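Let me begin by presenting the structure, written as structure tokens, before commenting on it.
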Amino acid sequence: MVALTRRDVMAASMGGVIASMLLPGRGAFAAGDTLTIAFNVNIPSFDPTVGLSAVNPTIQAIYRSVFDQYIGQGPDLSWQPGLLTAWGWNDDKTKVWMDVRKGVTWHDGSPFTPEDVVWSLERAAGKDSGNPIQFIWSKIGKFSIDGNRITADVLSFEPTLFMWMGFLTAYVLPKAYYAKVGADGFEKKPIGTGPYMVDQYEANAFVRLKANPNYWGGKPPYDTVVFKFVTDATSRVAEIESGSSDVTLEIPYEEYDRLIKKDGLAGVAQPVSDIGMIFISNVEPMLDKNVRLAAIHAIDKEAIIKKLLRGYGIRIDTLEAPPYTAFDPTIVVAHDPKKSIELLKASGFSKEKPVKFTIRTTRGLKPKDYEMIQAIVGMWRNVGIEADIEVYDIAKHFELRFAHKLGPAAFYNWGNATGDPTNSTGFAMFSFSPHSAWKTKDVDDLIGPLWGEHDEAKRIAGWKAVDKYVADNGLVIPLLQYVQPIVFKKSLAVTANQSGALQPVWIKKA
Amino acid sequence: MALSAVLNRTVMAVATLLGVAIIVFVLIRVVPGDPIAMMIGPGASASDVIALRAHYGLDGSVSSQFLVWFKSALVGDFGISITMRRDVLTILGEHLPATIELAGLALLVAILIGGTVAVVGTLTRGRRSGAIVDAVNGIFLALPDFIWALIFVLLLGVAVPLLPLTGRIDPSVQIEFGTRFFLAESLLTGRFKVASDILAHMAMPTMALALPLAAVIGRVLKQALTEAMVQDYVLLARIKGMSELRLILGEALRNAVGPTLALTGVQATFLIGGTVVVERIFAYPGIGNLAIDAVINRDFPLIQGLVLLFGLIFILINVLVDLAVVALNPRLRYG
């Protein structure tokens, strides 16, 4: 009999561990037709209609892979048929109608029906649903179904209703399946009608999606898509550079420039519907129009974009980025430091006797956010504005804004994938919105009538007039439209999405 | 006497956890950051906000919210995560094993490396090679875990891509585990290819966590061994002809390990805390990574559960260390 000592056993165990480490580890399991995306956010919940994740624009890339929206949206922000093939208002806009797509099945093979659409809309409209956009969905009700046509009463006219049907929380969920498994069961095994089905989900790690072979929009380009949740930008750069992932996004612009020069990698950097801006609140010293306008004219936006963001950005002078419906290129607020000095002088301020206030900003939330504010503060100093910078996290920003305590100036980024002015100028400047910072009656009087304006041309013209008023009075400081950098392997062809949602259906083999 | 000590420790532990629960509950509701403000739609009215607060149980006073939470916690219900919309206890149960495996492996590696450094350092004390060992150990001591993490990412993830950079397991592996202890289960069930993949994913975060702790262990143990090596019983053993290595391992170590063990226990609690940053860098799905998202999103129920869990872990580690020290040193036993 062989006598084993304690030393022998320990040596054998250690040898086993080492031997198992020498077995093929990296990439040993990768299947053939798989697209791996190093993604910048986690997906905490699979219900795309409630909670914080439902209003996160980036997560829409995953939601749109698994679920379909009432109305689809192309990468150029154009509206397309989704699960609704046609839609509209009646003549006096007291009713809406929607035609539901035929021949669609849920991932479990059960048929998709108009009842699913009605149930999803009613659920979204419920006060107790936890849907953050309930205020839109509650504007229609009393649904009726006739074949594949749904009609509903307009309880309160909302001109952007059908745009919201392709935007946040606008997803159709399976009525029968949800009733059967409940909220918990749905989180564990979500099903949709989308191009991909959830195959495996590991919270804070990855989600693996499998192609839906019965997808009404045609077979997706890849059999398998893996979203790896890599929230650290350095790690995302490492993922793409090492070849561990095929695509990544939202990396520093200097890393983007470096990576696209490497063999085997390519990139696309396209403007998206996100904008950077500085909120101004109606508190001192911002109640002085001269101070506000001086602050705006002192900012050299082109220099900031060129030097801090390496040219990746488009300057804007209103809250309407170029792709937005109410964008007016004639509204221009020039960089004019001399004018700033004159304006401040008229109010008794100068470089020797500067106007003082605090500007709040995040740090690291958006590309070079803090550095941009540092540069702006420097520009302000040259004309007679002395601003202290206070750094905070985004959660505090939301709380302060909600309580109307943002202070004189605060940096923020605003997303509006609908491109409609209600969702940018509207909610940013209307005092009754919890998202606005400048709250005065003159602006409310301009905006108020536009919410329910039936005439579309008149509505858009009205919003342009609001933007002109806001710009002439310096009620907000628009800075730039962001550019989203995406780096990918050269074997791929990536169509960038102007909404910023990196959807795998638009990533194909080159 | 031993029973009374156990009871005493238990009462202290419960009181500590209760105190932590109250402090954290109040603090996270008082400091800036409101999850409702973060998710409220732009067109929401005041009544919409009220409805949303009620939906998430955030509409009462802090004290009434605490009472509701406390009553539920007593029966094991720690609430529903605001962001993940699932039971907090279940979420913690899913993520904790990953951190236990990572921290456990890091501790083991740290002890092996630190122990080796201490033994080698003691063997070579007074010589130039000993000074080199001390210098290298000093460098390891100076670099915190997140710096090691970034070094490994650059060296072993990008420059010479030997190891997977992120995650706990290859996403293409079909995860069919009975428990969430993926590494242990795959080893015990003979799925060595899967175990190899998991170990490959754990290698860099493990080393990032282990090296600073190894340096501490190496220094403290070497100091203790050096002191023990001049004791009479060691001199006697040396006279009897024992080799230097046998003297260290057979005679000096058992007396030197006590203080090192106590310090290792304290450092191990820091190791658990260190997993927060390291897990984030390596996108490793443990409770550290979970904690960062919970704080960013002001997910109150999840933050509360995580803090209690961290508190419980620290208490358990201290108990285990105390027991180990007593086991190794008969002079400390009583009863």
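Evaluate region B:215-238: report whether one residue or more is within 13 Å of chain A (Cβ to nearest Cβ), crowded, with 21+ Cβ neighbours inside 10 Å and farther than 19 Å from B:PHE152 by Cα. Lay out the reasoning, then the answer.
If we filter region B:215-238 for residues that are within 13 Å of chain A (Cβ to nearest Cβ), which is where we start, we get none.
Within region B:215-238 (the criterion being within 13 Å of chain A (Cβ to nearest Cβ), crowded, with 21+ Cβ neighbours inside 10 Å and farther than 19 Å from B:PHE152 by Cα), the answer is no, since none of the residues qualifies.
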Screening B:SER172, B:SER186 for residues that are of a type in the set (S, T, N, Q), under 28 Å from A:ALA38 (Cβ atoms) and either part of a helix (DSSP H, G or I) or outside the structural domain of B:LEU247 (by TED's automatic domain parsing) (or both) leaves only B:SER186
Practice problem: Can you confirm whether region A:53-69 contains a residue that is under 30 Å from B:ALA294 (Cα atoms), among the charged types (D, E, K, R), within 11 Å of chain B (Cβ to nearest Cβ) and surrounded by 16 or more Cβ atoms within 10 Å (Cβ to Cβ)? | Solution: no
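So, B:LEU236, is that one closer than 24 Å to B:ALA98 by Cβ and in the same structural domain as B:VAL266 (by TED's automatic domain parsing) or not? Write out each step before concluding.
Working: closer than 24 Å to B:ALA98 by Cβ: no; in the same structural domain as B:VAL266 (by TED's automatic domain parsing): yes.
Answer is no for this residue.
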The lone condition A:ALA428 fails out of (1) facing chain B (nearest Cβ under 10 Å); (2) out of contact with any strand residue (DSSP E or B) (no Cβ under 8 Å at 6 or more places or on another chain); (3) within 24 Å of A:TRP451 (Cβ to Cβ) is (2)
Here the residues within region A:227-257 that are among the hydroxyl-bearing types (Ser, Thr, Tyr) and assigned to a helix (DSSP H, G or I) are A:THR234, A:SER235, A:SER242, A:TYR253, A:TYR256
>> Against the definition (surrounded by fewer than 18 Cβ atoms within 10 Å (Cβ to Cβ), more than 24 Å from the chain's Cα centre (by Cα) and modelled with pLDDT of 85 or more), how does B:VAL75 come out, yes or no?
In response: yes
### Task
Check region B:149-157 and report whether any residue there is under 30 Å from B:GLY258 (Cα atoms), crowded, with 18+ Cβ neighbours inside 10 Å and of a type in the set (Phe, Trp, Tyr).
no
Screening A:PHE357, A:PHE411, A:PHE349 for residues that are touching a strand residue (DSSP E or B) at 6+ places or on another chain (Cβ under 9 Å), at pLDDT 95 or above and under 19 Å from A:PRO434 (Cα atoms) leaves only A:PHE411
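Determine whether B:ILE292 is at pLDDT 90 or above and buried (at least 24 other Cβ atoms within 10 Å of the Cβ). Working first, answer last.
Values: at pLDDT 90 or above: yes; buried (at least 24 other Cβ atoms within 10 Å of the Cβ): no.
Judged against the criteria, B:ILE292 is not a match.
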Within region A:437-459, residues touching a residue at least 24 places away in the same chain (Cβ under 8 Å) and crowded, with 19+ Cβ neighbours inside 10 Å come out as A:ALA437, A:TRP438, A:VAL443, A:LEU450, A:ARG459
### Query
Is it the case that region A:384-405 has a residue that's more than 22 Å from A:GLU371 (Cβ to Cβ), in contact with a strand residue (DSSP E or B) (Cβ under 6 Å, 6 or more places away or on another chain) and surrounded by fewer than 24 Cβ atoms within 10 Å (Cβ to Cβ)?
no
Within region A:40-55, the count of residues that are within 15 Å of A:ALA124 (Cβ to Cβ), among the aliphatic types (A, V, I, L, M) and part of a loop (DSSP other than H, G, I, E, B) comes to 2
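For every residue, the table says whether it meets (1) within 14 Å of another protein chain (Cβ to nearest Cβ); (2) touching a Gly at 6+ places or on another chain (Cβ under 6 Å); (3) assigned to a helix (DSSP H, G or I).
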| residue | (1), (2), (3) |
| --- | --- |
| B:GLY250 | yes, no, yes |
| B:ALA262 | no, no, yes |
| B:PRO285 | yes, no, no |
| B:ASN289 | yes, no, yes |
| B:ILE292 | yes, no, yes |
| B:ARG298 | yes, yes, no |
| B:PRO301 | yes, yes, yes |
Just one listed residue, out of B:ILE151, B:ILE111, B:ILE82, is within 14 Å of chain A (Cβ to nearest Cβ) and either basic (Lys, Arg) or in contact with a Pro (Cβ under 6 Å, 6 or more places away or on another chain) (or both), and it is B:ILE82
The condition of being crowded, with 17+ Cβ neighbours inside 10 Å and either hydroxyl-bearing (Ser, Thr, Tyr) or within 13 Å of chain A (Cβ to nearest Cβ) (or both) holds, among B:THR189, B:THR166, only for B:THR166
Exactly one of B:GLY41, B:GLY19, B:GLY60 is assigned to a loop (DSSP other than H, G, I, E, B) and more than 14 Å from chain A (Cβ to nearest Cβ), and that residue is B:GLY60
Residue count, region B:44-56, condition more than 8 Å from every other protein chain (Cβ to nearest Cβ) and crowded, with 16+ Cβ neighbours inside 10 Å, comes to 1
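Every residue, every condition in (1) among the small types (Gly, Ala, Ser); (2) farther than 17 Å from A:TRP380 by Cβ; (3) touching an Asp or Glu at 6+ places or on another chain (Cβ under 7 Å), yes or no:
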position: A:PRO252; (1), (2), (3): no, yes, no
position: A:GLY264; (1), (2), (3): yes, yes, no
position: A:GLN270; (1), (2), (3): no, yes, no
position: A:ASN282; (1), (2), (3): no, yes, no
position: A:MET286; (1), (2), (3): no, no, no
position: A:HIS297; (1), (2), (3): no, no, yes
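So, A:ILE150, is that one part of a strand (DSSP E or B) and touching a helix residue (DSSP H, G or I) at 6+ places or on another chain (Cβ under 6 Å) or not? Lay out the reasoning, then the answer.
Working: part of a strand (DSSP E or B): yes; touching a helix residue (DSSP H, G or I) at 6+ places or on another chain (Cβ under 6 Å): yes.
Yes; evaluated as a whole, the condition is true for this residue.
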Out of (1) within 12 Å of another protein chain (Cβ to nearest Cβ); (2) aliphatic (A, V, I, L, M); (3) over 30 Å from B:TRP148 (Cβ atoms), the one B:LEU105 does not meet is (3)
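For (1) surrounded by 19 or more Cβ atoms within 10 Å (Cβ to Cβ); (2) at pLDDT below 95; (3) within 13 Å of chain B (Cβ to nearest Cβ); (4) not in a helix (DSSP H, G or I), each residue gets a yes or a no:
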position: A:GLY166; (1), (2), (3), (4): yes, no, no, yes
position: A:ALA176; (1), (2), (3), (4): no, no, no, no
position: A:GLY185; (1), (2), (3), (4): no, yes, yes, no
position: A:GLY194; (1), (2), (3), (4): yes, no, no, yes
position: A:LEU209; (1), (2), (3), (4): yes, no, yes, yes
position: A:TYR215; (1), (2), (3), (4): yes, no, no, yes
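The values are calculated or read from the model by the stated rules, or taken from the named source; none is laboratory data. Quantities reported herein were computed from a predicted structural model and do not represent experimental measurements. Every residue, glycine as well, gets a Cβ built from its backbone with ideal geometry; the counts of neighbours run over all protein chains shown.
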